[in-house]
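The structure under discussion appears below in the form of structure tokens.
The values are calculated or read from the model by the stated rules, or taken from the named source; none is laboratory data. Since we're looking at a predicted model, the values are computed, not measured. Here the Cβ is made from the backbone with ideal geometry for all residues, glycine too, and neighbour counts use every protein chain on show. Keep in mind that these areas ignore ligands, DNA and RNA; they rest on the heavy atoms of the full protein, side chains included. Shrake-Rupley method; radii C 1.70, N 1.55, O 1.52, S 1.80 Å.
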Amino acid sequence: MFIKDTFLKNETTLSFEIFPPKNNEILFNIIGELNKFNPGFISVTYGAGGSSKDRTVEIASIIKNKYSIEALAHLTCITSTKEEIEEVVENLKENKIENILALRGDIPEDFTIGKEHLYRHAKDLIHKLKIDTNLCIGAAAYPEGHNECKDLDMNVKYLKEKVDAGADFLITQLFFDNNNFFQFKEKIYKYNIKTPIAVGIMPAVNKTLIEKIQKLSGVIIPDKVENFMNKYENKEDDLRKAGIEYASYQIEELIKNKVEGVHFYTMNKPDIIKSILDNISFK
Ligand code: FAD
């Protein structure tokens, strides 16, 4: 099933991102737990956080073919050649995976972009996928701007290029301030972007991790989140509770405002997701 069609339903689509874990035992446990929430889809990262690229399609295939959950395979293009991209696409086809999140990826520090690297922006990959395949294509959106481009209008212009190239749905980078998302939504409407958007949510239950992500992504940390992360820095249980409470509040407000999808960056921790989802109705 194409993920774009899950957004046609009246209720908010629930979905999860996982990264390739160390082994299949852990993987089966994570998917088994997440499956209890009847997700619209589960996405698998590509090469992010040191995880192996080769396993993305393999894991997406397990999600789709063993668990019958719709799978979304991430793919980054900046360090790949045309042939490498085509090999991944072939592999997706063989495994009957119908959905792909087309990303540029971060440019590694010591990496030189050569002539063989044809796809300099995500829109170039989206364009190729649209021509070569029947895949349903997702793309990344940045409500608070991207680290390399903080000009929100330029960001939205580039987002429009991705949509025009063929992106069928969007998933946002995590954010903690819903108002920034609501303003972004107004802005993209002005640019005539009507593509469904799932909002990316990561519970702030680990201060070190959130600070690392803040450096990488430039996500804005509101005072409220900063304060509870500082207050409970050395009290794991209290921080977990505060992070879960904040994420629950954030999602409830987003659902009230009729977001099309809520996409959890699970960090492979279904227990935390469960604590949040126990508080929330997705109707
Ligand atoms: P692009 O849309 O190409 O944008 C990259 C930069 O180029 C931005 O600053 C943009 O403003 C600028 N830009 C875009 N078009 C143009 C243009 N025409 N001219 C000039 N500048 C332009 N990374 C991974 O490595 N693996 C993953 O699995 C992964 N999953 C992700 C999932 C989600 C939902 C999100 C939000 C991000 C994910 N990332 C992942 C991170 C992502 O790869 C980085 O944020 C990356 O730096 C940008 O990727 P992009 O696809 O948004 O690139």
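Tell me, what ³J(HN,Hα) does each residue in the range 247-258 have, in order and in whole Hz, if you take phi through Karplus 6.51 cos²θ - 1.76 cosθ + 1.60 with θ = phi - 60° and put x for Gly and Pro?
So the J values, rounded to whole Hz, are 5, 5, 4, 4, 5, 4, 5, 5, 5, 4, 8, 6.
Contour minus end-to-end for Lys224 and Lys82, with contour as 0.36 nm per residue of separation and end-to-end as the Cα-Cα distance?
46.6 nm
Of Ala102, Ala165, Ala139, which is the most mobile in a GNM of the chain whose springs link Cα atoms less than 10 angstrom apart?
Sorting by GNM fluctuation, first place goes to Ala165.
Hey, which of these cross-link pairs are over 29 Å Cα-Cα: Lys53/Lys162; Lys96/Lys258; Lys22/Lys241?
Table pairs above 29 Å Cα-Cα are Lys96/Lys258.
In Å², and per residue, what accessible area does the chain have when probed at 1.4 Å with the other protein chains present?
Value returned for the chain: 50 Å² of accessible area per residue.
Please list, by residue number, every one of the trypsin sites (Lys or Arg not before Pro) in the range 31-95 that is coil in DSSP and has at most 16 other beta-carbon atoms within 10 Å.
Taking the range 31-95 and a limit of 16 other Cβ atoms within 10 Å, the loop trypsin sites (Lys or Arg not before Pro) found are Lys36.
Can you pull out the GluC sites (Glu not before Pro) in the range 43-138 whose DSSP state is coil and whose Cβ has at most 16 other Cβ atoms within 10 Å?
Sparse-neighbourhood loop GluC sites (Glu not before Pro): Glu109, Glu116.
Along the Cα→Cβ direction, 7 angstrom out, place labels at Asn35 and Leu216. What is the inter-label distance in nm?
Calculated label separation equals 2.8 nm.
Which one, Leu129, Ile3, Thr208, projects farthest toward the positive side of the charge dipole computed for the range 3-277 from Cβ point charges (K/R +1, D/E -1)?
Among Leu129, Ile3, Thr208, the one farthest towards the positive end of the dipole of the range 3-277 is Ile3.
In nanometres, what is the gap between the two model label sites at Asp5 and Lys258, each 7 Å from Cα along Cα-to-Cβ?
The modelled label-to-label distance comes out at 2.4 nm.
Need one number: nm distance between label points at Asp54 and Thr208, each 7 Å from Cα along Cα→Cβ, rounded to one decimal.
About 2.9 nm, to one decimal.
Among Leu129, Leu159, Leu216, determine the one that fluctuates most according to a GNM of the chain built with springs between C-alpha atoms less than 10 Å apart.
Answer for the Gaussian network model of the chain: Leu216.
Identify all aspartates and glutamates with a Cα-Cα distance to Lys231 below 18 Å; exclude those on the same chain that are fewer than 8 residues away in sequence.
Glu211, Asp223, Glu245
Taking R0 as 22 Å, what FRET efficiency do you get between Tyr249 and Gln183 from their Cβ-Cβ distance, rounded to the nearest 0.05?
So, using R0 = 22 Å, E works out to roughly 0.70.
Quick one: with all protein chains in place, what share of the accessible area of the range 3-277 is carbon or sulfur, to the nearest percent (1.4 Å probe)?
Carbon and sulfur: 47 percent of the exposed surface of the range 3-277.
So how strong a dipole does the chain carry about its Cα centre when Lys and Arg Cβ are +1 and Asp and Glu Cβ are -1, to the nearest 20 debye?
Here the chain has a charge dipole of around 540 debye.
Using a Gaussian network for the chain with springs between C-alpha atoms less than 10 Å apart, which of these wobbles most: Thr81, Thr13, Thr195?
In this elastic network of the chain, the residue with the biggest mean-square fluctuation among Thr81, Thr13, Thr195 is Thr81.
Taking R0 as 30 Å, what FRET efficiency do you get between Lys115 and Asp238 from their Cβ-Cβ distance, rounded to the nearest 0.05?
0.05
DSSP loop (so not H, G, I, E, B), at most 14 other Cβ within 10 Å: list which trypsin sites (Lys or Arg not before Pro) in the range 192-254 pass both filters.
Within the range 192-254, the qualifying trypsin sites (Lys or Arg not before Pro) (loop, at most 14 other Cβ atoms within 10 Å) are Lys194, Lys235.
Going down the list Lys157/Lys269; Lys128/Lys150; Lys224/Lys256; Lys82/Lys274, which pairs span over 29 Å between their C-alpha atoms?
Beyond 29 Å: Lys157/Lys269; Lys82/Lys274.
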